[in-house]
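Just so you know, all these numbers are worked out from the coordinates, no wet-lab data involved. Since the model is a prediction, treat every value here as computed from it, not as a measurement. Here Cβ is always computed from backbone atoms with ideal geometry, including for glycine, and neighbour counts include all displayed protein chains.
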Amino acid sequence: MCGCEKGFDMKYSSILAATVAAGALVGVAMPAQAHTVKRHAAKAASSESEEIRELKAEVQALKARLDAQEAAQSQAATTIQQAQTENSAAITEAKASAAQAQASAAAAQEAAQKSSKDEGDLSKALAWAKDTQVSGRMYFNASDISHKANGVKDGNADNGGGFAIKRFYLGVDHKFNDTFSANLTTDVSAISGVGMSLYIKKAYLQAKVSPALVIRAGSADMPWIPYAEGVYGYRHIEQTVSDRTKFGTSADWGVHVMGDLAGGLISYQVSAVDGGGYRNPQFSKTVDLEGRISAKYKGFEAAVGGYTGELGVDVQQPVGTPAPSLRNYNRFNALVAYKGKIDKMPFTIGGEYFYAEGKVFNSTKPQLESAPKDKSDGYSAFASLGFMPKWSVFGRYDSVKPAEVSDYGLKDDYFNLGLQWSPAKIVDLALVYKHEQARNGAFQTGSLQSGFIGCALAASETCIGKGTYDEIGIFGQFRF
């Protein structure tokens, strides 16, 4: 055991010696090693500081980029938000614009529909207007009048001068189709003792089946007087002879059938009417008839016509009152004329004749069967010449015996002479002189402004002598 301790001490001494030696070596080597370490550490520290600076720079750069990116993102977010706000406003505005556009489109559609309806209504109105004609005609005069009975100026109210409108017609003619049409014509005229009065002269529905068959129902032109006026050509100066002396009327209420045959060479008309004239429509128990047939060839015209009936007087009487026994009023008419040219100057010459029986003197009523049948006749000769463009001369002479049985000596003579200027198609103006003379009686004629002509101031078949009527002035017509 002691040996062990000795060995241990030796070993421990060896180790201690080695340790001391090593410590010495270490002590000798440490300064150099520390210098090296320090140098290396400084170098490492310097490198580390530079790396740190670089890292810091990189961090700063990265941070700057992040900040820039963040700022860009923030700006982008702001921009996006603004864009969204603007987009929302734009959407709202777009929606409002769309709503407004939709409302405008609806309004435009409604306006278009209304415009289409208005255009349709306007088209219908224009179509109606296209098929409608409005016409007018006025006869007027500014003249001086002198009435005399047996050479002395009598008490007729129209002695003196003034302006007068003899007639004013206003007509509307509408065509429904190629077959049916209608006419309404009013007549404003001066009535002796009444003044200006308004009447319906024509009001009829027409069916034109063909040129050879035309039917009118209502008040329309009668067969004779309008035809004779057309041949004469100067109605604005004076009525034709049958009309002037009250042996016929120009229009009446009833059914009128007319037409042209052989290409217009022959024309005809037959009317079944009340008989009282257009101013006095009647529901009479009998129907009056008037007819005409005429021919036209190379300027020549000829016609015959007639009337028969009781002139609208045969009406229902009150209970217990016997109906009067009336004669038929009968009238015959004839006309011949020629329209041609003399050395390129247009002229017309012609004559008209009538014979009537069964009418009360100076009246529009038929005679009673118990009275002697009265007879009347008369004729008219007329001529005109267009000696210059727009200028013409004309003249006419009438002679009538209105009551050959009741007063054979009663006779009426009438003439007119005139010079006419037609400055436009719608206007005729004429300087005219008229003279009328009634012998052995007094009666009314259409040429008078008012009153009677003859040897008395009232209708008379018994006065002796004569009465005269003279008128001079400007006569004319305006038409459209």
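Given the structure, is GLY378 of a type outside the set (Ser, Thr, Tyr), buried (at least 19 other Cβ atoms within 10 Å of the Cβ) and over 25 Å from GLY136 (Cβ atoms)?
Considered against the rule, which asks whether it is of a type outside the set (Ser, Thr, Tyr), buried (at least 19 other Cβ atoms within 10 Å of the Cβ) and over 25 Å from GLY136 (Cβ atoms), GLY378 comes out as yes.
In region 332-348, how many are free of Cβ contacts under 8 Å to residues at least 40 places away in the same chain and surrounded by fewer than 13 Cβ atoms within 10 Å (Cβ to Cβ)?
Here the count works out to 3.
Picking from LYS373, LYS390, LYS401, LYS344, which residue would you name as being over 30 Å from ASN280 (Cβ atoms) and more than 39 Å from the chain's Cα centre (by Cα)? It would help to see each step written out before you state the result.
Details: LYS373 fails: over 30 Å from ASN280 (Cβ atoms); LYS390 fails: more than 39 Å from the chain's Cα centre (by Cα); LYS401 fails: over 30 Å from ASN280 (Cβ atoms).
Selected residue: LYS344, the only one of LYS373, LYS390, LYS401, LYS344 that is over 30 Å from ASN280 (Cβ atoms) and more than 39 Å from the chain's Cα centre (by Cα).
Return the pairs, sorted by first residue and then second, in which the second residue is polar (S, T, N, Q), the first residue lies in region 399-425 and is buried (at least 18 other Cβ atoms within 10 Å of the Cβ), the beta carbons are less than 6 Å apart, and the residues are 6+ apart or on different chains.
Correct list of pairs: VAL400/THR245; PRO402/SER376; LEU410/ASN440; GLN420/SER392.
Of the numbered conditions (1) in contact with an Asp or Glu (Cβ under 9 Å, 6 or more places away or on another chain); (2) in contact (Cβ under 8 Å) with a residue 40 or more places away in the chain; (3) surrounded by fewer than 23 Cβ atoms within 10 Å (Cβ to Cβ), VAL257 fails exactly one; give the number of that condition.
(1)
Residue-by-condition table, conditions (1) among the aromatic types (Phe, Trp, Tyr); (2) under 25 Å from PHE452 (Cβ atoms):
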position: TYR355; (1), (2): yes, yes
position: VAL360; (1), (2): no, yes
position: SER363; (1), (2): no, yes
position: GLN367; (1), (2): no, yes
position: PRO372; (1), (2): no, yes
position: ASP377; (1), (2): no, yes
position: SER384; (1), (2): no, no
position: PHE387; (1), (2): yes, no
position: PHE394; (1), (2): yes, no
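Looking at region 130-234, what strands (runs of 3 or more DSSP E) fall wholly within it and have at least 3 residues that are over 19 Å from ALA251 (Cβ atoms)?
Correct list: 132-149, 160-175, 195-210.
If a residue has to be surrounded by 20 or more Cβ atoms within 10 Å (Cβ to Cβ) and outside any loop (DSSP other than H, G, I, E, B) to count, how many in region 307-322 make the cut?
2
Might you check whether a residue that is closer than 20 Å to LEU335 by Cβ and surrounded by fewer than 21 Cβ atoms within 10 Å (Cβ to Cβ) occurs anywhere in region 431-446?
Yes, region 431-446 contains at least one residue that is closer than 20 Å to LEU335 by Cβ and surrounded by fewer than 21 Cβ atoms within 10 Å (Cβ to Cβ).
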